1. Could you list, in sequence order, the residues of segment 97-109 that are out of contact with any Leu (no Cβ under 9 Å at 6 or more places or on another chain) and within 12 Å of Gly54 (Cα to Cα)?
2. Going residue by residue through segment 70-84, is there one that turns out to be outside the structural domain of Pro125 (by TED's automatic domain parsing), within 20 Å of the chain's Cα centre (by Cα) and modelled with pLDDT of 90 or more?
3. Would you please name the residue that is surrounded by the fewest Cβ atoms within 10 Å (Cβ to Cβ), looking only at residues in segment 46-55 that are in contact (Cβ under 8 Å) with a residue 12 or more places away in the chain and more than 11 Å from Ile130 (Cα to Cα)?
4. Could you list all residues from segment 74-112 that are of a type in the set (A, V, I, L, M) and either touching a residue at least 60 places away in the same chain (Cβ under 8 Å) or surrounded by 15 or more Cβ atoms within 10 Å (Cβ to Cβ) (or both)?
5. Could you please find all residues in segment 1-18 being surrounded by 14 or more Cβ atoms within 10 Å (Cβ to Cβ) and assigned to a loop (DSSP other than H, G, I, E, B)?
6. Please specify each residue of segment 22-35 satisfying the condition of being part of a helix (DSSP H, G or I) and loosely packed, with under 10 Cβ neighbours inside 10 Å.
7. Against the definition (part of a helix (DSSP H, G or I), over 22 Å from Asn12 (Cα atoms) and either in contact with a Phe, Trp or Tyr (Cβ under 7 Å, 6 or more places away or on another chain) or not assigned by TED's automatic domain parsing to the domain that holds Trp14 (or both)), how does Leu101 come out, yes or no?
8. Restricting the first residue to segment 1-19 and requiring it to be free of Cβ contacts under 8 Å to residues at least 60 places away in the same chain and aromatic (Phe, Trp, Tyr), which pairs with a second residue that is surrounded by 12 or more Cβ atoms within 10 Å (Cβ to Cβ) and assigned to a helix (DSSP H, G or I) meet a Cβ separation below 7 Å and a spacing of at least six or different chains?
Amino acid sequence: ANFVSPAYDLANVWPQKITFKVGGMISTVAALVVTPWNLFSNPTVVNYFLGGLGAFLGPLFGVIMVDYYLIKHGRVDVNELFDATPGSRYYYRKGVNPKALWAFLPAAGVAAVLALVKTFSDVAPYSWFIGTAMAAGLYLLLCRDERAAAADNSVSDKPVEV
């Protein structure tokens, strides 16, 4: 049941080299290596898994919210989202937004340490919030020059082509 989605996801990462079949094989091997059924046999592992997951999702949430609400002011050009040509609005650097990455990585690192290291067990329940706030603040700081420019940009009124 959970085979098709990761196989297509992996095939879309590198379509020249990874086919649906190869993506499926990678997903299968990864599932066997991770052995998710072991997560349910030990409650400590469940806590570490959920803490680690939150430590990475919090900073991701912070970057996305700041980008959408404070940088782009809720304006997204849907046609440009699907334009993969260099120079398009959301192409950034080879398809990766380096400012988002520079905000995400340290925040995720700090949140992961807070969530997973026993010394910080008192603040571990707040690692999601700390990671979110840290990534949001870093991204806002890194994109301060884009805020004014984004306010002036208009979004295309063209209908989305399907």
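1. Gly109
2. No, because not a single residue in segment 70-84 is outside the structural domain of Pro125 (by TED's automatic domain parsing), within 20 Å of the chain's Cα centre (by Cα) and modelled with pLDDT of 90 or more.
3. Per the stated criteria, the residue is Tyr48.
4. Val76, Val78, Ala100, Ala103, Ala107, Ala108, Val110, Ala111, Ala112 - these are the residues of segment 74-112 that are of a type in the set (A, V, I, L, M) and either touching a residue at least 60 places away in the same chain (Cβ under 8 Å) or surrounded by 15 or more Cβ atoms within 10 Å (Cβ to Cβ) (or both).
5. Ile18
6. Scanning segment 22-35 gives Leu32, Val33.
7. no
8. Close Cβ pairs satisfying both conditions: Phe3/Gly24; Phe3/Ser27; Tyr8/Phe20; Tyr8/Gly23.
The values are calculated or read from the model by the stated rules, or taken from the named source; none is laboratory data. Model, not experiment: these values are computed from the prediction. Every residue, glycine among them, receives a Cβ derived from its backbone with ideal geometry; neighbour counts consider all protein chains shown.
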